[in-house]
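The structure under discussion appears below in the form of structure tokens.
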Amino acid sequence: MTKRISVALATVLVSMFLTFPAFGQPTKDPVPASTDLGARVKAVQGNPPQFEAAYKLGSKAAAVCAFCHGTNGNSVNSDIPNLAGQNPAYLLEQMRQFSTGERRFEFMEGLIKALKPEDKIAIAVFFSNQEVQPKPATNATLVNRGQAFYTKNCLSCHGEQGRGSEGFARIAGQQPGYLALTLRRYRDGSTIRKGSLMAPSTKAMTDDDISTVAAYVSSLK
């Protein structure tokens, strides 16, 4: 039943993509499918007029994403990730993985496949320039334990402040429920989330370790 509902909802949202003014219409400078989108984003970021145009398109395109990820990329559901402040190259890579099926979630796969290259660039530009809203720490003991674990095991890839890079996700300020869910999926070898680095990194994590890390990381700005 859940799968049928997800498919139905995805179908509705895909139809919204196709009818929304920002989509399905010719543009003055369409991006070829073979374009290196990461390189294109960097070029756009270095060109104020192109950045303004991409941001404007992205703000419209993101209206469909708002249903789950919030109007400015800050999700209102703890189990759904924030996209605000995420590295644009990382966002584009996740879109690519959804479109190829490397990252499995039928709901997202349908949405991503409906996007044109210029739409993907615009969405990445828009969300990467939104400010993430971290969750204030409510349990100092839990957060301190999480910080100790993070410093020892996660800092080398995700950075001291959890802001990641082009190849590693920004996790600072991320939804705690989503962080915990994702870590468990990596640890347990879920077919939804597999990662050559994350799988061995999380293999020995206990549920308590996961809870503390999620509490700490979600409080970072």
Condition met for Asn144 (out of contact with any Cys (no Cβ under 6 Å at 6 or more places or on another chain), modelled with pLDDT of 95 or more, polar (S, T, N, Q) and not assigned by TED's automatic domain parsing to the domain that holds Thr212): no
Gly164 touching a Pro at 6+ places or on another chain (Cβ under 6 Å), in a loop (DSSP other than H, G, I, E, B), crowded, with 18+ Cβ neighbours inside 10 Å and among the small types (Gly, Ala, Ser): no
Pair list, Cβ under 6 Å, 6 or more apart: region 89-105 residue farther than 17 Å from Ala39 by Cα, other residue part of a helix (DSSP H, G or I): Phe98/Met108; Phe98/Glu109; Phe98/Ile112; Ser99/Ile112; Ser99/Lys113; Arg103/Gln97
Any hit, region 103-113, residues being surrounded by fewer than 19 Cβ atoms within 10 Å (Cβ to Cβ), part of a helix (DSSP H, G or I) and either among the acidic types (Asp, Glu) or touching a Pro at 6+ places or on another chain (Cβ under 6 Å) (or both): yes
Residues satisfying the stated conditions in region 58-68, i.e. at pLDDT 95 or above and surrounded by 21 or more Cβ atoms within 10 Å (Cβ to Cβ): Gly58
Top-ranked residue of region 114-143 - restricted to ones that are touching a Phe, Trp or Tyr at 6+ places or on another chain (Cβ under 7 Å) and farther than 12 Å from Met95 by Cβ, ranked as surrounded by the fewest Cβ atoms within 10 Å (Cβ to Cβ): Asn129
Yes/no for Arg170 being buried (at least 19 other Cβ atoms within 10 Å of the Cβ), touching a Lys or Arg at 6+ places or on another chain (Cβ under 8 Å) and free of Cβ contacts under 8 Å to residues at least 40 places away in the same chain: no
Odd one out for Ile192, checked against (1) aliphatic (A, V, I, L, M); (2) within 17 Å of the chain's Cα centre (by Cα); (3) modelled with pLDDT of 95 or more: (3)
Those residues of region 180-221 which are part of a loop (DSSP other than H, G, I, E, B), surrounded by 13 or more Cβ atoms within 10 Å (Cβ to Cβ) and in contact (Cβ under 8 Å) with a residue 60 or more places away in the chain, in sequence order: Arg193, Ser219, Leu220
Near pairs, Cβ below 9 angstrom, 6+ apart or cross-chain, from region 129-151 (within 30 Å of Val44 (Cβ to Cβ)) to any residue that is in a helix (DSSP H, G or I) and of a type outside the set (A, V, I, L, M, F, W, C): Asn129/Tyr55; Asn129/Gly58; Asn129/Pro88; Pro134/Ser218
Residues of region 179-221 that turn out to be closer than 24 Å to Pro136 by Cβ and either in contact with a His (Cβ under 7 Å, 6 or more places away or on another chain) or among the small types (Gly, Ala, Ser) (or both), as a count: 6
Boolean, Thr151 is of a type in the set (Ser, Thr, Tyr) and closer than 23 Å to Asp207 by Cβ: yes
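The values are calculated or read from the model by the stated rules, or taken from the named source; none is laboratory data. Predicted model, so just to flag it, every value in this text is computed and none were measured. Note: ideal-geometry Cβ built from the backbone for every residue, glycine included; neighbour counts use all protein chains shown.
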